[in-house]
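Everything below concerns the one structure shown next.
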Number of protein chains: 2
Amino acid sequence: MIYDLTNTQYVRMLQNLNGILDKASQFAEAKKFDMGVLLESRLAPDQFNFTRQIQILCDTAKRGAGYLTGKEPPAHPDTEKTLPELRARIASVISYLGSFSEKDYADAATRKVSQPRWEGKYLAGKEYVLLHSMPNFYFHLTTAYSILRHNGVDIGKKDYLGAMPYKS
Amino acid sequence: MIYDLTNTQYVRMLQNLNGILDKASQFAEAKKFDMGVLLESRLAPDQFNFTRQIQILCDTAKRGAGYLTGKEPPAHPDTEKTLPELRARIASVISYLGSFSEKDYADAATRKVSQPRWEGKYLAGKEYVLLHSMPNFYFHLTTAYSILRHNGVDIGKKDYLGAMPYKS
């Protein structure tokens, strides 16, 4: 299930984010302001701005895939300044996650996961998924969403969740 | 794993929320304003306010436990107006989730989950967890957090995530 949680579902949410970015871009065009204003927006003066939220979101997704499968995730230097650059970053993460299949995650639950700033400490893969990766992923996605919502972009829960595959 | 994802972890995040509410309450006292101002705050005029975000968060958690185990979740009439009332709602959901054990979730992945407003349609339990319950839970939790953050409450990612059980 870790594959579904941190790969398939992250890709799905990143694709939904692309739709949200479309709406943000249309809003900036309609109101005739520079999209960069939204990219630099934040909800508090000591909070990361929209661009940084997306960068961290992307890192959370790619690190999940790398760490949980025992591979080194690709580096991104955090130089994005424009919407097309942010979109390219998201696309590169979607592509990276798409390069894995469920069997790559066979040992994910018990794999030791560590990040450089954890100073040698680690979490078991299952704990990392539950306590760290998912709460962080949704945190930065929703914070990015909230920054746009606060600035008047016409987005709602459906844009965030995407269509549900209801059965009857 | 569905038990860990939607029960243990939701309880953990709701306990972290209690700490966030402590900080919000201390902020209101220090600044000498009525806590009700924060409870009625929102990030956009057509967004649910803080109180409603917490009510929906609580409903998402309790419905997850009920629907995934084949039980009818308890009703809450959405009448909370004060912080103690909101705390009581959170406590009641933590207590409800605590009444389940992992074996209650044995059939959760394949159980048909439906909500009244889905008009008879359903999701399989696993889809409900992945696509609906978790994205909604973290959405409303982070939105509530963002409303406080935007209003100056001194909270950060650690308050949201809680302490990580790092091993060395």
Practice prompt. Please give the average number of partner chain Cβ atoms lying within 10 Å of the Cβ of each residue in B:127-133, rounded to a whole number.
Written response: 4
Response to the item:
Computed over chain B, the relative contact order (Cα-Cα under 8 Å, seq sep at least six) in percent reads 35
Worksheet item: Lysine pairs in chain B with alpha-carbon atoms under 24 Å apart, 8 or more places apart or on different chains: how many are there?
Response: 25
Worksheet entry | Shielding score for A:149-162, defined as the mean number of other chain Cβ atoms within 10 Å | 3
Worksheet item: What's the longest bit of chain B with no exposed trypsin sites (Lys or Arg not before Pro), using DSSP loop states and at most 12 other Cβ atoms within 10 Å as the test?
Response: B:82-168
Worksheet item: Tally Lys/Arg at +1 and Asp/Glu at -1 over every other residue whose Cβ is under 11 Å from the Cβ of B:Ser146; what's the total?
Response: +4
Practice prompt. Give me the angle, in degrees from 0 to 90, between the Cα long axis of helix A:83-98 and the longest principal axis of the Cα atoms of chain A, rounded to the nearest 10.
Written response: 20
Worksheet item: At A:Ala163, with labels set 7 Å past Cα in the Cβ direction, how many nm apart are the copies from this one, shortest first?
Response: 4.7
Discussion item. Rounded, prolate or oblate, given the Cα gyration tensor of the protein assembly as shown, with a/c below 1.5 counting as rounded?
Written reply: rounded
Worksheet, complete the sentence: Highest GNM mean-square fluctuation among B:Thr143, B:Thr82, B:Thr60, for chain B with Cα springs under 10 Å, belongs to B:Thr82
Worksheet item: Build a GNM of chain A with springs between Cα atoms under 10 Å: which of A:Leu97, A:Leu39, A:Leu123 gets the top mean-square fluctuation?
Response: A:Leu123
Worksheet item: Using the alpha-carbon atoms, what tilt in degrees (0 to 90, nearest 10) does helix A:50-69 show relative to the longest principal axis of chain A?
Response: 20
Discussion item. Defining the label point at 7 Å along Cα→Cβ, can you sort the distances from B:Ala106 to the same site in each other copy, shortest first, in nm?
Written reply: 2.9
Item to complete: Measure nothing fancy, just the Cα-based angle from helix A:9-31's long axis to the longest principal axis of chain A, in degrees from 0 to 90, nearest 10.
Response: 10
Worksheet, complete the sentence: Largest fluctuation, B:Glu40, B:Glu29, B:Glu127 only, Gaussian network model of chain B with Cα springs under 10 angstrom, belongs to B:Glu29
Worksheet, complete the sentence: Counting only DSSP loop positions in the range A:4-107, the chymotrypsin sites (Phe, Trp or Tyr not before Pro) whose Cβ has at most 12 other Cβ atoms within 10 Å are A:Phe33
Discussion item. Using a label point 7 Å beyond Cα on the Cα-Cβ vector, give me the inter-copy distances for A:Lys81 in nanometres, one decimal, shortest first.
Written reply: 5.4
Item to complete: Would you work out if the range B:119-168 is rounded, prolate or oblate? Take a ≥ b ≥ c from the square roots of the eigenvalues of the alpha-carbon gyration tensor; rounded if a/c is under 1.5, else prolate when a/b is larger than b/c, oblate otherwise.
Response: oblate
Worksheet item: Rounded to the nearest 500 deg cm²/dmol, what is the calculated helix-only ellipticity per residue at 222 nm for chain B, with -39500 (n - 2.57) per DSSP H run of length n ≥ 4?
Response: -16500 deg cm²/dmol
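Where a number appears in this text, it was derived from the coordinates with a stated rule and is not lab data. Note that the structure is predicted; figures quoted are calculated from it, not measured. Cβ sites come from the backbone with ideal geometry, for glycine too, and all protein chains shown count toward neighbours.
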